[in-house]
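Notes follow once the structure below has been shown.
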Amino acid sequence: MSASIDLTLPDYRTQVPAVADRFRRIKERPVVLEIDRLGRQFAGNNGTVTALRDISLKIHRRELVCVIGPSGCGKSTLIRIIAGLDEPTSGRMLVDGKETSGPCPERGMVFQGYTLFPWLTVRRNVMFGLEMAGMDTSQAESEALQWIDLVGLARFKDSYPAQLSGGMKQRVAIARALAPNPRVLLMDEPFGALDAQTRAQMQAHLLEIWRNVDVTILFITHDLDEAIFLADRIIVLKANPGEVQEIIEVPVPRPRHPSQFTSPEFLATRRRVDALIHPPSVQGPMEKLPIVRLTQAGDDVE
């Protein structure tokens, strides 16, 4: 007879003293990024489409916040607006209490695609933004080499992107985004194109980099486990239109380790996020789709 398994999980809002103290200290820090009643509408074939409505949130210095939600909830639209690559229809955005719009060095961006210049070496890719900001070449090179070393690619500083793995390319992209010392690092599903093993390695790399850099991170993801593993708080959006459904303070203690994926706090948070993003259907059983037979298969076919 197999032993019974206790599936009882704690309330995801329950925090051990160390976690509660961490959130208390986070809330005492200055607000670096504030989104105030942000909205975005698009003209559609059948009228106006509201992609985002009344998005409001405050992110504190050195906080790591993940945004997650179902397909079509406006995650990428939101981060593009924050990066200055799109304009909101309503609302405003403030960095360090000052209203801002359009791209600026205070907000660095890492995309899902690697977006490296293939004709430039790792060193020159990281130097590019510094030189564009007016830094002289020798200083830009010195700064770039420090960031390349931080992301663990000093041996590959003279390599070209085609000579790097996917994870290494994203580390170069992170170094390039961090080199101008932005106040906020925006990451739009940066590990989405990586295989599972490389993705896990990059998550660990990101947490280690974040521990050593004074930067606030807003991270877009569709992966529930990734959001819980990385974030201090998770912003859960709902779709049609994209609105803030719930803000979850992740109760998993730091520092984070893959062994925590099976901890009661992690599993309780995952269950809650999953319930928000994939609520039970209210339309009854799903209708069976007709099967189109393309061949006549006998019982001997395996």
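The values are calculated or read from the model by the stated rules, or taken from the named source; none is laboratory data. Please read all numbers here as calculations on a predicted model, not as lab measurements. Every residue, glycine among them, receives a Cβ derived from its backbone with ideal geometry; neighbour counts consider all protein chains shown.
Key figures for this structure:
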| read-out | value |
| --- | --- |
| Qualifying residue in segment 243-256 (condition: over 12 Å from the mean Cα position of the chain (by Cα), outside any strand (DSSP E or B), modelled with pLDDT of 95 or more and closer than 23 Å to Leu78 by Cα) | yes |
| Condition met for Gly192 (surrounded by fewer than 19 Cβ atoms within 10 Å (Cβ to Cβ) and either assigned to a helix (DSSP H, G or I) or on the phi > 0 side of the Ramachandran plot (or both)) | no |
| Some residue of segment 47-62 being over 22 Å from Leu207 (Cα atoms), of a type in the set (S, T, N, Q) and either out of contact with any Leu (no Cβ under 9 Å at 6 or more places or on another chain) or surrounded by 23 or more Cβ atoms within 10 Å (Cβ to Cβ) (or both) | yes |
| Tabulated pairs, segment 255-280, first without any contact (Cβ under 8 Å) to a residue 12 or more places away in the chain, second of a type in the set (A, V, I, L, M, F, W, C), C-beta under 9 angstrom, 6+ apart or interchain | His257/Ala204; Ser263/Val252 |
| Single residue of Ile228, Ile217 found to be buried (at least 21 other Cβ atoms within 10 Å of the Cβ), closer than 30 Å to Thr8 by Cβ and of a type in the set (A, V, I, L, M) | Ile228 |
| Among the residues listed as Phe128, Phe111, the single one being aromatic (Phe, Trp, Tyr) and within 29 Å of Ser56 (Cα to Cα) | Phe111 |
| Subset of segment 88-117 that is of a type in the set (D, E, K, R) and part of a loop (DSSP other than H, G, I, E, B) - its residue that is nearest to Ile35 (Cα to Cα) | Asp96 |
| Odd one out for Ile235 among (1) within 27 Å of Glu106 (Cα to Cα); (2) in contact with a helix residue (DSSP H, G or I) (Cβ under 6 Å, 6 or more places away or on another chain) | (2) |
| Every residue from segment 9-48 that is closer than 18 Å to Ile79 by Cα and free of Cβ contacts under 8 Å to residues at least 24 places away in the same chain | Phe42 |
| Search result, residues across segment 18-39 that are under 15 Å from Val250 (Cβ atoms) and under 20 Å from the mean Cα position of the chain (by Cα) | Phe23, Ile26 |
| Pro180 being in a loop (DSSP other than H, G, I, E, B) and within 14 Å of Leu64 (Cβ to Cβ) | no |
| Segment 6-27, residues that are surrounded by 16 or more Cβ atoms within 10 Å (Cβ to Cβ) and polar (S, T, N, Q) | Gln15 |
| Single unsatisfied condition, Arg211 versus (1) part of a helix (DSSP H, G or I); (2) under 22 Å from Ile68 (Cα atoms); (3) in the same structural domain as Phe266 (by TED's automatic domain parsing) | (2) |
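Let's see how each residue does on (1) under 27 Å from Thr89 (Cβ atoms); (2) among the aromatic types (Phe, Trp, Tyr); (3) within 18 Å of the chain's Cα centre (by Cα):
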site	(1), (2), (3)
Tyr12	no, yes, no
Thr50	yes, no, no
Asp54	yes, no, no
Arg61	no, no, yes
Gly69	yes, no, yes
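For every residue, the table says whether it meets (1) within 30 Å of Val31 (Cα to Cα); (2) among the aliphatic types (A, V, I, L, M); (3) in contact with a Gly (Cβ under 9 Å, 6 or more places away or on another chain).
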site	(1), (2), (3)
Pro103	yes, no, yes
Glu106	yes, no, no
Leu120	no, yes, no
Glu131	yes, no, no
Gln139	no, no, no
Leu145	no, yes, no
Phe156	no, no, no
Tyr160	no, no, no
